[in-house]
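Trainee: Sharing a structure with you now.
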């Protein structure tokens with residue numbers, strides 16, 4: 001099974017991962033790339049959808065909602081995102097005001113009663129996770145504070161030579177208040193663009209034991225298991241993380257017991 005996807009930018013919508021890829025059951029992912037004045041129209045059908053503006057400015061509207069002038073950062077390294085949530089059963093249209101790049105993600109949903117909404121940069125929470133050689137800054141974007149069926153979304157920034165999602169953690173089982181069952185997708189960027197990192201995905205029984213190099217615009221699919229990443233020295237790593245909780249949406253995980261001792265150092 002291949003848990004790595006590559007993306008080559010092109011105009012309009014590009015699907016990167018769909019349900020069934022990498023054993024994903026709840027998550028789909030793609031990129032929408034538009035020039036000023038260009039439009040992209042779609043239906044959510046039986047999927048809840050989130051649009052995370054990676055860079056640029058656009059408007060998003062549909063039946064009963066009109067979100068104008070969204071977006072203020074030039075790229076993912078230049079501030080917090082605007083995010084639009086659109087529930088199932090809705091039509092929507094995006095109009096680019098400037099060059100705009102949008103991460104699109106969707107998950108099966110029957111929660112049609114949720115109204116579309118915007119999460120502004122001011123509403124995004126910033127947290128620092130880890131210490132020393134394993135630390136990252138994270139933006140908590142679409143969390144359990146906002147209505148959704150499955151989606152839980154954030155962004156992470158990893159400094160030169162640092163590890164992240166470390167010590168390795170998993171979120172594979174519904175065992176509140178310790179752990180929740182959430183699959184995940186990572187989408188990577190680097191500054192400068194020539195950066196790279198190493199992604200590992202493995203389960204306790206090693207039924208999954210996958211390691212790959214990730215570069216600019218790569219996506220990794222994490223249906224289950226521990227999923228640490230390492231950033232190459234000299235670069236800043238960014239990854240958009242999209243989790244989809246089967247029954248719960250919580251920022252809860254379990255550390256690999258073999259590496260848990262590191263937290264006590």
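Trainee: I'm told residue 26 meets every condition in (1) under 18 Å from residue 142 (Cβ atoms); (2) within 20 Å of the chain's Cα centre (by Cα); (3) in a strand (DSSP E or B) except one. Can you identify the failing condition by its number?
Mentor: Against the list (1) under 18 Å from residue 142 (Cβ atoms); (2) within 20 Å of the chain's Cα centre (by Cα); (3) in a strand (DSSP E or B), residue 26 comes up short only on (3).
Trainee: Continuing with the same structure: Does the stretch 78-92 contain any residue that is in contact with a strand residue (DSSP E or B) (Cβ under 9 Å, 6 or more places away or on another chain), surrounded by fewer than 19 Cβ atoms within 10 Å (Cβ to Cβ) and either farther than 22 Å from residue 156 by Cβ or modelled with pLDDT under 95 (or both)?
Mentor: Yes; the residues of the stretch 78-92 include at least one that is in contact with a strand residue (DSSP E or B) (Cβ under 9 Å, 6 or more places away or on another chain), surrounded by fewer than 19 Cβ atoms within 10 Å (Cβ to Cβ) and either farther than 22 Å from residue 156 by Cβ or modelled with pLDDT under 95 (or both).
Trainee: Here's a follow-up. Which of the residues spanning the stretch 75-94 are within 14 Å of residue 59 (Cβ to Cβ) and in contact (Cβ under 8 Å) with a residue 60 or more places away in the chain?
Mentor: Hit for the stretch 75-94 is 94, nothing else.
Trainee: Follow-up. Of 217, 248, which residue is more than 25 Å from residue 2 (Cα to Cα) and in contact (Cβ under 8 Å) with a residue 24 or more places away in the chain?
Mentor: 248
Trainee: So, residue 68, is that one modelled with pLDDT of 95 or more, more than 27 Å from residue 227 (Cβ to Cβ), more than 20 Å from the chain's Cα centre (by Cα) and loosely packed, with under 15 Cβ neighbours inside 10 Å or not? Working first, answer last.
Mentor: On the way: modelled with pLDDT of 95 or more: yes; more than 27 Å from residue 227 (Cβ to Cβ): yes; more than 20 Å from the chain's Cα centre (by Cα): yes; loosely packed, with under 15 Cβ neighbours inside 10 Å: yes.
Yes: the conditions hold for residue 68.
Trainee: For residue 41, are the conditions met, namely being in contact with a strand residue (DSSP E or B) (Cβ under 7 Å, 6 or more places away or on another chain), within 17 Å of residue 182 (Cβ to Cβ) and either part of a strand (DSSP E or B) or at pLDDT 95 or above (or both)?
Mentor: Taking the combined requirement at face value, the residue does not satisfy it.
Trainee: Is it true that some residue in the stretch 9-18 is in a strand (DSSP E or B), surrounded by 18 or more Cβ atoms within 10 Å (Cβ to Cβ) and out of contact with any helix residue (DSSP H, G or I) (no Cβ under 8 Å at 6 or more places or on another chain)?
Mentor: Yes; the residues of the stretch 9-18 include at least one that is in a strand (DSSP E or B), surrounded by 18 or more Cβ atoms within 10 Å (Cβ to Cβ) and out of contact with any helix residue (DSSP H, G or I) (no Cβ under 8 Å at 6 or more places or on another chain).
The values are calculated or read from the model by the stated rules, or taken from the named source; none is laboratory data. Bear in mind the structure is a predicted one, so any value in this text is a computation, not a measurement. So basically every Cβ, Gly included, is an ideal-geometry build from the backbone, and we count neighbours across all protein chains shown.
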